[in-house]
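Trainee: First the structure, which I've put down as structure tokens, then a few questions once you've had a look.
The values are calculated or read from the model by the stated rules, or taken from the named source; none is laboratory data. These figures come from a predicted structure and were not determined experimentally. Using ideal geometry, Cβ is built from the backbone for each residue, glycine included, and neighbour counts are taken over all protein chains shown. Only protein heavy atoms, including side chains, enter the accessible area calculation; ligands, DNA and RNA are left aside. Shrake-Rupley method; radii C 1.70, N 1.55, O 1.52, S 1.80 Å.
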Amino acid sequence: MTQHTIHLQLTLSEPLVLSQSNATEGAHQSLDYIPGAAILGAIASQHYSSLKAQGKAYEIFHSGKVRFHNAYPLIAGEASYPVPFCLHYDKLGDKNAPLNYLRKTFNTTSPHQSPNEIQSVVQGKQHREGYIAPTETPQVWSHFKPEKTLQMRTAINPKKGKAQDSQLYGYQLLKSGTQYQAQISCDDKALAQMLEERLKAQSTLFIGRSRSAQYGKVQLSIETSETKTTPSAPIKPIIKIDGEDHLVLWLASDMAIYNPHGQPTLKPSLQDMGLEVTGELVAEKSFVRTRQYAPYNSFRRSYDLDRQVLTQGSILTYKLTDQLSDTDLQTLQQGIGAYTENGLGQVVLDKHFTLLEQDEVHLQTPKAHPQEQNVEEPKTALIAYLKEQALQREIDTTYAEKIDQLLEALQKLYQSIRNYNGLIPGQPFGPGKSQWGAIRNYATHAKDMAELHQKLFEGNDAFIKDTDQDWRATNGQTTFKGWLKKLVEDKNNDLPLIRGLAFKVTQNKTLLNLMEGKTNVTA
């Protein structure tokens with residue numbers, strides 16, 4: 001049977017909240033991938049009614065003929081899978097140079113050791129986080145962990161319009177801009193084409209918690225204009241260990257298996273998984289982790305049955321007594337166990353599987369992290385104010401010392417001009433606060449120092465004209481205009497310096513008092 005695959009690229013337009021647990025107490029932890037169930041639900045919320053009218057809703061969303069796989073991060077343009085739990089690194093050594101415990105182990109020691117031998121003991125620690133993708137070098141693999149942030153929230157009392165008592169909570173979020181890749185695999189070509197046409201007509205999905213607030217918007221794109229058909233047979237997951245064939249299942253997603261009595265099992269046999277091949281589980285070459293959870297169904301507004309699953313990244317190794325058939329390979333390709341329509345039961349059967357055949361692996365940080373999406377910036381007064389404050393903080397940090405020196409020099413200039421002209425207390429003189437504010441505005445919008453010089457001093461439209469009495473005030477050696485013009489013409493100065501100085505002038509109490517002619521001058 002040919003499997004038809006729709007390839008989706010998901011870019012987070014907003015932060016995403018995907019809870020690991022439905023518990024309401026304790027610290028909130030987020031998943032670092034997008035579950036297939038969340039993608040199925042987001043698509044069903046928009047198309048279920050119309051597909052139901054066509055009699056196709058059951059086939060697409062419930063029958064298992066269409067499988068919505070988990071979405072994992074794109075790493076430097078490559079699809080990724082959860083790190084396999086067979087990778088272990090020296091606890092006191094290089095985390096990026098792990099050994100593959102399927103093939104090799106660290107040197108072990110006996111209980112009876114000399115002191116020198118004890119110092120050489122190596123403690124292996126399991127890799128459990130992140131996602132892995134191949135590079136151009138066979139033994140070098142990219143390793144990436146999606147970045148998370150934490151935001152605190154509080155419920156609002158609708159009657160009082162203020163924070164409600166004992167309602168403070170926090171969300172751990174996946175950062176906006178991160179790119180993920182997912183697949184939808186279909187057994188029926190007509191169903192695949194119908195679903196792809198609908199997905200091409202929409203550009204966004206809403207996923208996760210608090211979708212009505214500021215979270216969960218995801219940009220959707222289809223990679224190809226036509227539905228892709230798997231171009232070649234999947235890789236057979238067979239590895240020789242000690243010269244014998246072993247079936248190795250690297251779980252690309254959680255797997256829920258039930259035994260013949262209908263009970264969940266965390267030690268599944270090959271027959272429990274619906275395979276014809278026979279063999280025994282090799283415990284010492286299997287690396288598994290488990291979890292139990294009850295998914296929440298938003299449509300029914302209730303929890304589904306508890307699921308006990310082997311988690312993604314787990315490795316199950318079976319010593320075979322006969323050959324893996326094409327029928328078994330097709331079963332593995334379609335997914336094993338329950339809830340395959342939600343993406344569960346998927347195993348790695350592509351080029352990533354070659355990692356398990358390597359004794360040693362080198363991990364590296366990807367050269368290019370997922371790029372932030374170019375989202376149009378809202379043009380509001382709040383955004384403008386925040387940008388202004390951020391820019392001013394940057395200027396204060398970079399030019400703090402030089403601006404302080406110029407402020408001191410300007411204070412002396414104001415005082416010397418007042419003394420030279422014999423001005424009495426209470427008599428304002430020189431450029432005032434509003435004029436320095438205008439200087440700041442010119443420095444903010446000018447492209448370079450040449451343009452600033454032109455707008456301030458050149459032509460009939462110059463801001464500071466020769467007839468301007470405030471700027472012409474002198475101490476016998478220089479004027480306010482001359483002092484500022486020299487500052488602007490100095491090649492060592494730039495626009496942020498002039499802008500920062502003008503702003504500080506409008507905030508400096510000593511200068512403001514000198515401008516107004518007050519006698520009580522304080523810094």
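Trainee: Tell me the mean residue ellipticity at 222 nm calculated for the chain from its helices only (DSSP H runs of n ≥ 4, each -39500 (n - 2.57), averaged over every residue, nearest 500).
Mentor: The per-residue figure over the chain is -8500 deg cm²/dmol.
Trainee: Using protein chains only and a probe of 1.4 angstrom, how many square angstrom of Ile315 are accessible, to the nearest 10?
Mentor: Ile315 has an accessible surface of roughly 0 Å² with all protein chains in place.
Trainee: Rounded to the nearest 0.05, what FRET efficiency do Thr321 and Thr154 have when you use their Cβ-Cβ distance and R0 = 56 Å?
Mentor: Efficiency, rounded to the nearest 0.05: 0.40.
Trainee: Then there is this: Just read off the accessible area of Met273 with the full protein assembly in place, 1.4 Å probe, to the nearest 10 Å².
Mentor: For Met273, solvent-accessible area is about 10 Å².
Trainee: Across the range 481-493, in residue order, what do the Karplus-derived ³J(HN,Hα) couplings come to in whole Hz, using 6.51 cos²θ - 1.76 cosθ + 1.60 with θ = phi - 60° and x for Gly and Pro?
Mentor: 4, x, 5, 5, 4, 4, 5, 5, 7, 5, 5, 7, 9
Trainee: While we're looking at this one, here's another question. Taking DSSP loops as anything outside H, G, I, E and B, show the longest stretch in the chain free of GluC sites (Glu not before Pro) there with at most 16 other beta carbons within 10 Å.
Mentor: 26-128
Trainee: Roughly how many Å² is the accessible area per residue of the chain, as a whole number, for a 1.4 Å probe?
Mentor: That works out to 54 Å² for each residue.
Trainee: As an exercise, use a Förster radius of 22 Å and the Cβ-Cβ distance of Leu266 and Asn297 to find the FRET efficiency, rounded to the nearest 0.05.
Mentor: Approximately 0.35, to the nearest 0.05.
Trainee: In addition: Using only Cα atoms and rounding to the nearest 10 degrees, what angle (0 to 90) does helix 381-421 make with the longest principal axis of the chain?
Mentor: Roughly 20 degrees between the two axes.
Trainee: Compute the angle between helix 495-507 and the longest alpha-carbon principal axis of the chain, please, reported from 0 to 90 degrees and rounded to the nearest 10.
Mentor: 60
Trainee: Step through the table entries Lys65/Lys217; Lys104/Lys351; Lys236/Lys267; Lys148/Lys200; Lys125/Lys236, compare each Cα-Cα distance with 32 Å, and write down the pairs that go over it.
Mentor: Pairs exceeding 32 Å: none.
Trainee: Placing unit charges on C-beta atoms (Lys and Arg positive, Asp and Glu negative, everything else neutral), compute the dipole magnitude of the chain about its Cα centre in debye, rounded to 20.
Mentor: Here the chain has a charge dipole of around 2260 debye.
Trainee: Related question: Using a Cα-Cα cut-off of under 20 Å, which aspartates and glutamates could be cross-linked to Lys402, ignoring same-chain neighbours fewer than 8 residues away?
Mentor: Lys402 reaches Glu394, Asp448, Glu489, Asp490, Asp494.
Trainee: Going from most exposed to least, what order do Lys481, Lys189, Lys465 have by accessible area with a 1.4 Å probe?
Mentor: Lys189, Lys465, Lys481
Trainee: Another question, then. Does anyone have the angle between helix 36-53 and the longest principal axis of the chain? Alpha-carbon axes, 0 to 90°, nearest 10?
Mentor: The angle comes out near 80 degrees.
Trainee: Express in Å², to the nearest 10, the accessible area of Arg393 obtained by rolling a 1.4 Å probe over the protein heavy atoms while all chains stay in place.
Mentor: Rounded to the nearest 10, the figure is 140 Å².
Trainee: Projected onto the charge dipole of the chain (+1 at Lys/Arg Cβ, -1 at Asp/Glu Cβ, origin at the Cα centre), which of Leu452, Tyr339, Phe299 gives the Cα projection farthest towards the positive end?
Mentor: So the residue we want is Leu452.
Trainee: Report the Stokes-Einstein translational diffusion coefficient (µm² s⁻¹, integer) for the range 422-523, Rh taken as the Kirkwood radius over Cα pairs, at 20 °C with viscosity 1.002 mPa s.
Mentor: 149
Trainee: Report the Cα-based extents of the chain along its three principal axes, largest first, to the nearest Å.
Mentor: Largest to smallest, the principal-axis extents are 108, 76, 50 Å.
Trainee: Of all accessible surface on the chain at a 1.4 Å probe, what whole percent is carbon and sulfur?
Mentor: So the carbon and sulfur contribution to the accessible surface is 47 percent.
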